[in-house]
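So the structure is just underneath, and the comments pick up after that.
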Amino acid sequence: MSVGPPRTLAPLLCSLSLITCADPASTGEHRSAMPIDLPVETAGGETLRLSAYRGRPTLLFLFATYDSASQLAWTPLLKVRERFAHLQLLGIALQPGADRLLDLYGETLGIRDPLTFDPSGEILAGHTGLGPIEAIPGYVLLSAEGTLLARHTGAASASELEAWLRSALE
């Protein structure tokens with residue numbers, strides 16, 4: 001007889017424990033010298049690699065579709081995105097089963113930038129060049145060369161995001 005949550009719920013419970021665990025204004029300079037490349041997938045099954053985004057700075061928005069803070073964070077993020085036309089935006093859902101929700105999620109929130117998910121769970125586990133994921137939502141800024149410039153943990157207002165991006169891109 002098994003005690004505890006079913007195995008299928010374990011990854012979801014781990015994901016839930018990340019929500020708003022960190023200081024909401026936590027920012028950090030975690031610059032790396034090596035380009036980061038990892039695969040993510042679209043809801044349609046297309047594999048995208050971060051290396052395909054090299055040439056312009058790329059902002060990764062790490063989120064969960066069920067998380068209200070992640071949902072609310074899209075409004076200021078999309079406003080700031082308009083002010084930084086040279087910046088590429090890639091949303092990455094970190095919860096299991098995200099592939100079934102991404103199209104409806106993007107349509108409902110009016111997101112036109114690519115929405116993807118991490119099929120292997122390696123990002124959430126902290127086994128990539130992005131380092132440990134302290135909480136969701138979170139922002140990771142990559143340089144045009146694909147190196148890690150900065151991270152911001154927790155939802156941010158448009159003015160906070162804009163100031164963080166300006167500082168990190170200097």
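The values are calculated or read from the model by the stated rules, or taken from the named source; none is laboratory data. Given the structure is predicted, the values throughout are model-derived calculations rather than measurements. Cβ coordinates were reconstructed from backbone atoms using ideal geometry, including for glycine residues, and neighbour counts include every protein chain displayed.
Of the helices (runs of 4 or more DSSP H) entirely within the range 23-125, those holding at least 3 residues that are closer than 20 Å to LEU149 by Cβ and either touching a helix residue (DSSP H, G or I) at 6+ places or on another chain (Cβ under 9 Å) or not aliphatic (A, V, I, L, M) (or both) occupy 68-83. Of the set (1) surrounded by 17 or more Cβ atoms within 10 Å (Cβ to Cβ); (2) at pLDDT below 95; (3) farther than 14 Å from LEU161 by Cβ, all apply to GLN71 but (2). A count restricted to the range 118-134 and to residues that are in contact (Cβ under 8 Å) with a residue 60 or more places away in the chain and at positive phi stands at 2. Restricting LEU115, LEU102 to residues that are within 14 Å of LEU60 (Cα to Cα) and either of a type in the set (Phe, Trp, Tyr) or touching a residue at least 60 places away in the same chain (Cβ under 8 Å) (or both) narrows the list to LEU115.
Could you go through the range 101-109 and let me know if any residue there is surrounded by 21 or more Cβ atoms within 10 Å (Cβ to Cβ), within 25 Å of ASP37 (Cβ to Cβ) and modelled with pLDDT under 95. No, every residue in the range 101-109 fails to be surrounded by 21 or more Cβ atoms within 10 Å (Cβ to Cβ), within 25 Å of ASP37 (Cβ to Cβ) and modelled with pLDDT under 95. Pull out all pairs, ordered by first then second residue, where Cβ-Cβ is under 6 Å, the residues are six or more apart or on different chains, the first lies in the range 148-159 and is part of a loop (DSSP other than H, G, I, E, B), and the second is buried (at least 20 other Cβ atoms within 10 Å of the Cβ). Listed by first residue and then by second, the contacts come to ALA155/ALA73; ALA155/PRO137. Do we have SER51 as crowded, with 17+ Cβ neighbours inside 10 Å and of a type in the set (Gly, Ala, Ser) here? No; evaluated as a whole, the condition is false for this residue.
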